[in-house]
Amino acid sequence: MRALRSLIFISLILTAILAMLGSGWWLYTASQLPNQIESEMDLETFLRQSIESDRQSIQFNKRVAEREKVTWPRPDFSRLPKNMVALYITEWGCPTYFQTPREDGWPWMKRVLNSARGVYSDGDGSCELAFARRLASRLGAGSPSQLAVMSDRIHKFLKKDQLVAYDLHSMQFDQGVIGVEAAARFLMQRELLDLSLAELAELQLGIPPYNLWGEVMLCTNAAQIKLARDALLQNLINVSLVSEEQAKAAIAQPVRCLSVKR
């Protein structure tokens, strides 16, 4: 009995020491973050400054009549087509993202801590972490530890739909081409809200997680692009995010890149 008590006591001491070391590591990493953010306003402000500066940098080489607005509006989930969101969450591996509650508490913290060690697990929380980490990277977080701490901070004040909106509206594809709305205008030469299901699937190939931007832009192998696009549409059928009739009609369409003049 005495040996058991001693073992329990030692275990408690070790647990306390590990907790103190973990807290120290977390606080130190937080103090070393390149950008300190405490709210959505901080996140929005930093991204706006960075994005508008990048957009402004390419305006000087254009004639005055050709210059475009550099303003970056606040990310708005309602500006994203429903099928665009369906494609995005499906290809990140969490088609039920909006059907499950936000991950919080120990399951979330365990996921974050594991990510600092390069260990990742499945589940809709994996997408919450992926979107938060992508935003953390744009804020300058570089090391696995910084990405873990900053992604947790971002996750605290962004809801699930906001994580998707901020990610899609702030991803960069080329100098000055930032956000899926700009990507649609550049790659598809149409407004995002005007794209058909087939065109949205083609656009999805050009953005994360596939990042086939150059292939879609140059349209060097239209047959392969169509095969890949159709596979994404089939994935939507498989997870019941679009009807089979809608997807089959989209599959019958030619790829948009064939008709884009550059």
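Can you find even one residue in the stretch 87-108 that is out of contact with any helix residue (DSSP H, G or I) (no Cβ under 8 Å at 6 or more places or on another chain) and of a type in the set (A, V, I, L, M, F, W, C)?
Yes, some residue in the stretch 87-108 is out of contact with any helix residue (DSSP H, G or I) (no Cβ under 8 Å at 6 or more places or on another chain) and of a type in the set (A, V, I, L, M, F, W, C).
So, of the residues in the stretch 64-95 that are touching an Asp or Glu at 6+ places or on another chain (Cβ under 8 Å) and either part of a loop (DSSP other than H, G, I, E, B) or under 25 Å from GLY123 (Cα atoms) (or both), which turns out to be modelled with the lowest pLDDT?
Per the criteria, the residue is VAL70.
All but one of (1) under 11 Å from the mean Cα position of the chain (by Cα); (2) crowded, with 16+ Cβ neighbours inside 10 Å hold for LEU139; which doesn't?
(1)
Of the residues in the stretch 75-94, how many are of a type outside the set (Phe, Trp, Tyr), surrounded by fewer than 17 Cβ atoms within 10 Å (Cβ to Cβ) and farther than 19 Å from ALA198 by Cα?
Selection size over the stretch 75-94: 3.
Of the residues TRP92, TRP106, which is free of Cβ contacts under 8 Å to residues at least 12 places away in the same chain and of a type in the set (A, V, I, L, M, F, W, C)?
TRP106
Restricting the stretch 219-262 to residues that are closer than 15 Å to LEU87 by Cα and part of a loop (DSSP other than H, G, I, E, B), which is farthest from the chain's Cα centre (by Cα)?
Per the stated criteria, the residue is SER243.
All but one of (1) hydrophobic (A, V, I, L, M, F, W, C); (2) more than 18 Å from VAL180 (Cα to Cα); (3) modelled with pLDDT of 70 or more hold for TRP25, so report the exception by its number.
The one condition TRP25 does not meet is (3).
How about the stretch 29-46: which of its residues are assigned to a helix (DSSP H, G or I), in contact with a helix residue (DSSP H, G or I) (Cβ under 9 Å, 6 or more places away or on another chain) and modelled with pLDDT under 80?
Scanning the stretch 29-46 gives THR29, ALA30.
When residues of the stretch 201-229 are filtered for being surrounded by fewer than 20 Cβ atoms within 10 Å (Cβ to Cβ) and charged (D, E, K, R), how many remain?
2
Go through (1) surrounded by 22 or more Cβ atoms within 10 Å (Cβ to Cβ); (2) farther than 26 Å from SER115 by Cα; (3) in contact (Cβ under 8 Å) with a residue 40 or more places away in the chain one by one and return the number of the condition VAL149 breaks.
The failed condition is (2).
May I ask you to say which residue of TYR97, TYR120 is surrounded by 14 or more Cβ atoms within 10 Å (Cβ to Cβ), among the hydroxyl-bearing types (Ser, Thr, Tyr) and within 17 Å of the chain's Cα centre (by Cα)?
Within the list TYR97, TYR120, the selection yields TYR97.
The values are calculated or read from the model by the stated rules, or taken from the named source; none is laboratory data. Everything numeric here is computed off the predicted structure, so don't read it as measured data. A quick note on method: Cβ atoms are made from the backbone with ideal geometry, for glycine too, and the neighbour counts reach across all protein chains shown.
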